[in-house]
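Asks: Have a look at the structure that comes next, please.
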């Protein structure tokens, strides 16, 4: 029984392929809608998954027990500005958090700027990060060569710096930079070390395009300010992160003399919550991109229905002959349904190759070189299954119409 069924399926498949082969160009153009649809779904989902993976890698590299303390939103005549617009965070706040919060392991005040850096006849515009001496520990970022500045240099506001990998490459071109002098805003800085390379971060640009200097130096010499822009805090462990957040909030309310019920002039964000929010956002983006691409699959399905209806009209006499020699209604239904499914699956297979190829090609285009794409097996199986389902759904009506033809009327059809 099983052997007979398999033989019947094989015969039906051969007939379907032969029927589609009679009009090769028409079959190809019909399958093209499915090819584009499946390829678009895989490519779009791979972009979304790549963005999600990049964000996850970025947060994982920093650790989930990291918190950021930032100034609050300034309220000017009833209009709230963005977070960080206030200037309420002081150096003393950072030192108090380190000393008075038991759940906090280490802190690094932060003051950021952007400037042109010069070494010899080379120059490079980069981000300048004023940090504390514990920055490598807080951010889980090792020094590749040389050393990081210590607390004595921070207190003295020393003109020293540690280079990100990209800055080192552009200014020194693999030359040993330790002990050399570079100029930032025409101020000489001695290079102490080079940070370990971290690379691109899921479309967010290179994390290595930066220079770190003592935050006191950045405040006084580069920015001319008396406040800090944020504080990076590492909790004792991931389990203690919410405890650390509560301790910081209570301490800063006390230091800033904020009355109970009044709005805080600062905000504390923990990395685990930020990572979860970012992952949810990228997941939503992936679904949206996949849904938009899926519309082209539906268009391809409508094309299959259209061409199968044309095929039924062209082959009415053939259907009548088959019925006359003993073909049952279900045999005709199965035959035309098989043709629709074969057309859809062939298009789906080619679409997978197109989608995977497009995902790989994006990495070689300069405009998208920083974009990370991840082709997952789930997205491939989903797109292929969807293509098969479309073949069944849109092929059923033409197949049913063919099976319901009257044999006598079909034989008379010219």
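Asks: Which translational diffusion coefficient, to the nearest whole µm²/s, is obtained for region 300-368 from the Stokes-Einstein equation, given a Kirkwood hydrodynamic radius over C-alpha pairs, 10 °C and 1.306 mPa s?
Replies: 108 µm²/s
Asks: Shape of region 87-264 from its Cα gyration tensor (a ≥ b ≥ c, root eigenvalues): rounded if a/c is under 1.5, otherwise prolate when a/b > b/c, or oblate?
Replies: Prolate, because a/c is 1.5 or more and a/b exceeds b/c.
Asks: Follow-up. What shape does region 210-333 take by its C-alpha gyration tensor, where a ≥ b ≥ c are the square roots of the eigenvalues and a/c under 1.5 counts as rounded, a/b above b/c as prolate, and the rest as oblate?
Replies: It is prolate, given that a/c is not under 1.5 and a/b is the larger ratio.
Asks: Mind giving me the FRET efficiency for residue 22 and residue 283? R0 is 60 Å, r the Cβ-Cβ distance, nearest 0.05 is fine.
Replies: Efficiency, rounded to the nearest 0.05: 0.85.
Every number in this text was worked out from the coordinates using simple rules, so none of it is lab data. Everything quoted here is computed from the prediction, not taken from an experiment. Don't worry about glycine lacking a Cβ; one is built from the backbone with ideal geometry, like all the others, and counts go over all protein chains shown.
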